[in-house]
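> I'd like to ask you about the structure that follows.
The values are calculated or read from the model by the stated rules, or taken from the named source; none is laboratory data. Since we're looking at a predicted model, the values are computed, not measured. Neighbour counts are summed over all protein chains in view; Cβ atoms, including those assigned to glycine, are modelled from backbone coordinates with ideal geometry.
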Amino acid sequence: MILGLDIGGANTKAASADGSLAESTYLPLWKNAALSSLLESLSNRLRPEAVAVVMTGELADCYSSRHSGVSDIKIKAERAFHCPVYFWGVGGFSSSLSELAAANWSASAALVGMESGSCLFADMGSTTTDLIPIKEQYTAESTDFLRLAQGELIYTGMIRTNLAALMQRVTVLGRRLPLSSELFAVTGDAYLSLGQIGPQDYSGETPDGGPKTREGALRRLARTVCSDLSEIGEEGALQVAECARRRQARLIRLGIERQMRRHDLKMAVVAGAGENLLASACEAACLQYSRLSDIYGSGISQVFPAYAVARLLQDHLRSN
């Protein structure tokens with residue numbers, strides 16, 4: 001097996017080059033989670049013949065700098081596996097620490113470009129959304145700082161985005177009021193309450209440590225307007241959720257439209273935990289799109305950078 005790993009700050013994702021394996025483990029690196037133990041467990045269980053790694057976890061605030069984060073993740077991956085371990089940077093496979101930071105999008109774009117040609121690749125995860133133009137004679141920005149500036153990275157996701165970071169005001173029971181700036185609820189609560197995800201899709205902890213149930217989500221949503229269900233009821237809490245859904249959908253749609261216009265692209269390819277939201281955004285903008293889940297299955301779509309880097313390593317080994 002050729003194994004691909006996408007080591008993020010919140011989730012570590014694994015996929016095999018043949019597509020038979022696709023899994024994600026919640027592992028919050030900022031809480032000093034045991035990355036080495038997880039990687040060793042994968043090594044012992046899967047016994048891969050080669051491993052390809054992409055990462056974004058170097059930005060976790062347990063690290064003093066991105067460089068120290070990349071170095072730590074690289075060392076732990078190399079120690080965990082008893083086979084060759086390769087690392088993908090923004091320019092391809094590399095051993096240079098300076099090239100490895102936040103390069104998971106680059107592996108995805110490389111594979112999608114090979115198989116789909118010119119398009120906008122949109123991948124929405126639990127935390128962020130990548131909008132990557134794939135076009136001849138255009139090189140996407142190489143760092144997250146620059147990608148943020150160009151709108152190629154939008155820091156909003158399906159699960160972990162604080163509603164207070166998504167919107168400042170909301171209409172509840174006919175009253176327009178500001179949202180509290182506390183971490184009371186996240187986008188996962190909005191989508192869980194609206195029935196657009198299930199408890200199994202809600203990766204990570206809830207803001208209050210409470211249950212990943214619809215009722216728990218409604219309680220958290222009510223707190224965002226300094227209330228509870230006894231005062232605003234399910235109706236009021238759902239209005240908060242729907243406002244968050246609309247706000248995020250608009251943010252994503254505008255981002256997609258901007259990149260499509262800027263690069264004169266005609267087709268989008270959508271993937272990730274938020275594939276449905278991305279598809280809806282394309283439909284709202286009257287844009288053509290295809291779903292990676294239709295090609296590879298929903299499991300691979302949700303861990304696509306891990307799958308992409310495994311496929312790229314497979315091709316690399318065959319050609320050398």
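> Before we move on, is Ala241 in a helix (DSSP H, G or I), free of Cβ contacts under 8 Å to residues at least 60 places away in the same chain, over 23 Å from the mean Cα position of the chain (by Cα) and buried (at least 19 other Cβ atoms within 10 Å of the Cβ)?
No.
> Something else now. Being within 17 Å of the chain's Cα centre (by Cα) and assigned to a loop (DSSP other than H, G, I, E, B) is the filter; apply it to the stretch 1-49 and report the residue that is surrounded by the fewest Cβ atoms within 10 Å (Cβ to Cβ). Walk me through how you get there before you give the answer.
Initially, the stretch 1-49 is screened for residues within 17 Å of the chain's Cα centre (by Cα), giving 4-15, 22-30.
From what is left, the residues that are assigned to a loop (DSSP other than H, G, I, E, B) are 8-10, 27-28.
Details: Gly8: 26, Gly9: 22, Ala10: 23, Leu27: 21, Pro28: 16.
Across the stretch 1-49, the extreme among qualifying residues is Pro28.
> Mind checking whether some residue in the stretch 154-165 is touching a residue at least 12 places away in the same chain (Cβ under 8 Å) and in a helix (DSSP H, G or I)?
yes
> Another question about this same structure. Conditions first: (1) farther than 15 Å from Ala244 by Cα; (2) surrounded by fewer than 14 Cβ atoms within 10 Å (Cβ to Cβ). Arg214 passes all but one, so which condition is the exception?
(2)
> Kindly evaluate Cys83 against the criterion of being outside any helix (DSSP H, G or I), outside the structural domain of Leu153 (by the TED database) and in contact with a helix residue (DSSP H, G or I) (Cβ under 6 Å, 6 or more places away or on another chain).
Answer is no for this residue.
> On to the next question. Any idea which of (1) assigned to a loop (DSSP other than H, G, I, E, B); (2) over 27 Å from Lys31 (Cα atoms); (3) without any contact (Cβ under 8 Å) to a residue 60 or more places away in the chain is the one Ala149 doesn't satisfy?
Failed condition: (1).
> Which one of the conditions (1) out of contact with any strand residue (DSSP E or B) (no Cβ under 7 Å at 6 or more places or on another chain); (2) surrounded by fewer than 19 Cβ atoms within 10 Å (Cβ to Cβ) does Arg220 fail to meet, given that it meets all the rest?
The number of the failed condition is (2).
Results for (1) farther than 28 Å from Ala52 by Cβ; (2) touching a residue at least 12 places away in the same chain (Cβ under 8 Å); (3) aliphatic (A, V, I, L, M), shown as yes or no for each residue.
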site	(1), (2), (3)
Cys226	yes, yes, no
Arg246	yes, no, no
Arg250	yes, no, no
Tyr289	no, yes, no
Ala306	no, yes, yes
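> So, one more: Residue under question is Phe121, and the condition is that it be part of a helix (DSSP H, G or I) and either under 20 Å from Pro305 (Cα atoms) or outside the structural domain of Ala273 (by the TED database) (or both); does it hold?
So Phe121 does not fit the description; no.
> Could you tell me whether any residue of the stretch 212-233 is in contact with a Gly (Cβ under 6 Å, 6 or more places away or on another chain) and in a loop (DSSP other than H, G, I, E, B)?
no
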